[in-house]
């Protein structure tokens, strides 16, 4: 059996790579949403409870606010893209809290 040579244009290769990248990216984001975000949110809620006395009502309000923030990020804000990087920038600019530096230096 003779093998057949398949040729593809550069644009077709780029299109195929982009399609595969999108599939992998979507899978990674799904896993983050299922695993990392709930775990991190649970840590935050435990700290709010232990250190600041948040009870069930305030913890639920916090969780509802976080969910609302992600919903806004998902849909954009006033026709503008809004994402976690905007939150990082806000905290750094307004309060001089650099979470990238604080959390990655330990």
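What distance in nm separates the two pseudo spin-label positions at residue 19 and residue 71, each 7 Å out from Cα along the beta-carbon direction?
Taking the simple label geometry, residue 19 and residue 71 are separated by 3.6 nm.
How much length is gained if the chain between residue 28 and residue 78 is pulled fully straight, taking 0.36 nm per residue apart and subtracting their Cα-Cα distance, in nm to one decimal?
Length gained between residue 28 and residue 78: 15.2 nm.
Using Cα atoms only, what is the angle between the long axis of helix 84-95 and the major principal axis of the chain, expressed in degrees (0 to 90) to the nearest 10?
40
Calculated from DSSP H runs of 4 or more alone, at -39500 (n - 2.57) each and per residue, what is the 222 nm mean residue ellipticity of the chain, nearest 500?
-23500 deg cm²/dmol
Once the piece of chain linking residue 99 and residue 11 is laid out straight, how much longer is it, given 0.36 nm per residue of separation minus the C-alpha distance between them?
Extra length from residue 99 to residue 11 when fully extended: 27.7 nm.
No value in this document is a laboratory result; all are computed from the given coordinates. Keep in mind it's a predicted model, so treat the numbers as computed, not measured. Note that we place each Cβ from the backbone using ideal geometry, even for glycine, and neighbour counts take in every protein chain shown.
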